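Derivation of every value follows stated rules applied to the coordinates shown; laboratory data play no part. The structure presented is a predicted model; accordingly, all values stated were derived computationally and were not measured. Glycine also receives a Cβ, built like all others from the backbone with ideal geometry; neighbour counts cover every protein chain displayed.
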Amino acid sequence: MSTTVQKHPKGLYVLFATEMWERFNYYGMRAILVLFLTKALLFDKVFASQVYGSYTGLIYLTPLLGGYIADRYWGNNRSIIAGGLVMAIGELVLFFCGHFYENPAIAMPLFYTGLGFMIAGNGFFKPNISSMVGQLYQKGDSKIDAAYTIFYMGINTGGALGPIVCGAFGDTGVSGDFKWAFLAGGVAMILSVITQILFQKKYLVDAEGQAIGQAPKDAPAFFQKIPVMAGFLFLLSLLTIAMVYVDIKIVSYFLWLLVGCISLISFIIFSDKTLNIIEKKKVAVLFTVSFFVIFFWSAFEQAGASLTYFAEENTQRDLGFFEVPTSFFQSLNSIFVVTLAPLVAWIWIKLGKMNKEPSSPFKMAMGLMLLALGYLWIATGVNGVGAGVKVSMIWLIGMYMMHTFGELCLSPIGLSLFNKLAPIKFASLLMAVWFTANAFANKLAGVFSALYPENGKITSFAGYQISNLNEFFMFFVFMAGIASIILFFLSSKLKNLMEN
Ligand code: GLN
């Protein structure tokens, strides 16, 4: 075996930096979002949770369109730059929203507009940057897995820095300061676009030195003209503004839309006559796995909503010499990813050498169990604690650590399963299933966060009543715990379906 350190193409580090700045922008903005909503725009927690769910849910839906348009008309490079600029505009609009926060007649339209731009822009950025990583290598190159791990570090470097920098500028206790967090996010987004523009020509090339991320040769030139692209993105942004507004303010249709998407996609795939039974079994595994990740992310993504309320109101953040801003807690997950990922990778290698490495579905069940244990930990911390009492930050920190171990068991494994099992013909459509499951989970995260108990209010979901924080966190213990146990039982069956 070669002992030389694997050398990756320079392009990987370009994509690392581009993605890092974009995630800085996304997670930095998300770190202060519900704080801005409840403290500056004076929404109640239920409404702020709904906004959070609709926004983050739609963020995972537009990549379906962005991936499609890039493959057929624009190519990855152009889509990333265009999407990045649209997101930067979104942050700028939110900056003005934050500036005029005391005047709802100005602030509210700016708010929905800013969210709409963020959603539309992300749809063109996220799927395209991810798919470029693999294109830097020859098909089947053994370095690709390591490349995605390095890229995931870029994601989380941004995810760790964004909440801290945006939080330091925006989460100061003064409502008028939130705008600086949006501006900091916007600056990061501009840095991301500049990185991409400066280095794409020279470094984003495949193993043969050919430029990657170009528009397909047969793409109509008309659709690549800058005014046409700008017009399209502008119309799409209007549509996403309307979509987010209708879901939040008029009728919550979004979950039904996603059910419709999944039903349509499963019909298209399962009724396809060219797929044989073995391929269909593999597709069935992917659908099953996507179903279970909904339970994971809907509990995990409480980070940006209910867990932020908890950090703000129920966590002792005063260190004596420094009061830790609430938003900083949202960087913990990313900090733990960067520090714990090598340990988890090492454990899989060790187990692999002993021929004891668990199957992918089994690892995902473990991820769900770790998530449940994280919530059990924090539920214990708040057991018997009266309203308004603040508990040690060790409960929140310990929970985020367990959640991150769970993420590392589930997220990279789920994604690579899609790469391995999807029939080539339906690779993109099945990736869409993964994104749709994420969209569903994020929307559901908003629904669950709205159950957050306060002022003696009793909430309930599917017959489960919540009147205090312990019961609230136990809800996630039950949900993720039951999902995990079912997946443990199914895992050997799924493994057989995958391997046949
Ligand atoms: N934290 C990762 C990212 O932002 C993964 C999130 C997810 O897959 N839901 O890309």
(message) Going through the cross-link list 126/443; 143/280; 249/443; 143/425, which pairs have a Cα-Cα distance over 22 Å in this structure?
(response) 143/280; 143/425
(request) Sort 27, 73 so the one with the fewest other Cβ atoms within 10 Å of its own Cβ comes first. (result) 73, 27
(message) Please list 3J(HN,Hα) in residue order for region 400-415, calculated via the Karplus relation 6.51 cos²θ - 1.76 cosθ + 1.60 where θ = phi - 60°; whole Hz, with x for glycine and proline.
(response) 4, 5, 5, 4, 5, 4, x, 4, 5, 7, 10, 5, x, 5, x, 5
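Kirkwood hydrodynamic radius, computed over distinct alpha-carbon pairs, for the chain: how many Å, to one decimal?
So the Kirkwood estimate lands at 23.3 Å.
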(request) Can you find, among 262, 169, 472, the residue farthest towards the positive end of the dipole of the chain? Put +1 on the C-beta of Lys and Arg, -1 on that of Asp and Glu. (result) 262
(request) Consider just the alpha-carbon atoms of region 456-500 and return their Rg together with their Dmax, both in angstrom. (result) 16.1, 54
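Sorting 78, 30 on the 10 Å Cβ count, fewest up front, what's the list?
Working: 78 21, 30 26.
The fewest-first ordering by Cβ neighbours comes to 78, 30.
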(message) Once R0 is set to 35 Å, what does the formula 1/(1 + (r/R0)^6) return for the Cβ-Cβ distance between residue 214 and residue 339, expressed as a FRET efficiency to the nearest 0.05?
(response) 0.40
(message) Of 491, 431, 456, which is farthest towards the positive pole of region 409-500's charge dipole, taken about the Cα centre with +1 and -1 on the beta-carbons of Lys, Arg and Asp, Glu respectively?
(response) 431
(request) Pull up the cross-link candidates among the aspartates and glutamates for residue 420, meaning alpha carbon to alpha carbon under 18 Å and not fewer than 8 places away within one chain. (result) 141, 145, 279, 357, 499
(request) When a/c is below 1.5 the answer is rounded, else prolate if a/b is larger than b/c, else oblate, so apply that to region 157-296 with a ≥ b ≥ c taken from the square roots of the Cα gyration tensor eigenvalues. (result) oblate
(request) Grab the Cα-Cα distance for residue 416 and residue 250, subtract it from 0.36 nm times how many residues apart they are, and report the gain in nm with one decimal. (result) 55.9 nm
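Taking the Cα centre of region 352-500 as the origin, how large is its charge dipole in debye, to the nearest 20, when only Lys and Arg (+1) and Asp and Glu (-1) carry charge on their Cβ atoms?
Numbers: 10 positive and 5 negative charges, 77 e Å.
Taking the Cα centre of region 352-500 as origin, the dipole is about 360 debye.
How big is the charge dipole of the chain about its Cα centre, in debye rounded to the nearest 20, if each Lys and Arg gets +1 on its Cβ and each Asp and Glu gets -1 on its Cβ?
Working: 33 positive and 26 negative charges, 273 e Å.
Here the chain has a charge dipole of around 1320 debye.
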(message) Only counting other Cβ atoms within 10 Å, I'd like 319, 33 sorted with the fewest neighbours first.
(response) 319, 33
(request) Compute the Cα gyration tensor for region 234-351, then decide on rounded, prolate or oblate, letting a ≥ b ≥ c be the square roots of its eigenvalues: rounded whenever a/c is under 1.5, prolate when a/b is larger than b/c in the other cases, and oblate in all that remain. (result) oblate
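Let me know the charge dipole size of region 223-341 about its Cα centre in debye, to the nearest 20, where only the beta-carbon of Lys, Arg (+1) and Asp, Glu (-1) is charged.
Numbers: 7 positive and 8 negative charges, 144 e Å.
Approximately 700 debye in magnitude.
Could you rank the peptides 126-138, 409-421 by their average count of other C-beta atoms within 10 Å per residue, with the highest value first?
On the way: 126-138: 20.8, 409-421: 18.7.
Listed from highest to lowest mean packing, they are 126-138, 409-421.
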(message) Under the 0.36 nm per residue contour assumption, what length would be gained going from the current alpha-carbon distance of residue 276 and residue 457 to full extension?
(response) 59.8 nm
(message) Cut-off under 14 Å on the C-alpha distance; same-chain residues fewer than 8 positions from residue 45 excluded. Which aspartates and glutamates are left, in chain and number order?
(response) 312, 313, 454
(request) Quick one: of 179/390; 10/273; 282/356; 139/217, which pairs are farther than 31 Å apart, Cα to Cα? (result) 10/273
(request) Note the full-extension length gain between residue 198 and residue 259 as 0.36 nm times their separation in residues minus their Cα-Cα distance, in nm to one decimal. (result) 17.9 nm
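Over 22 Å apart: what share of the alpha carbon pairs of region 282-361 falls there, rounded to a whole percent?
Summing the P(r) tail past 22 Å for region 282-361 gives 53 percent.
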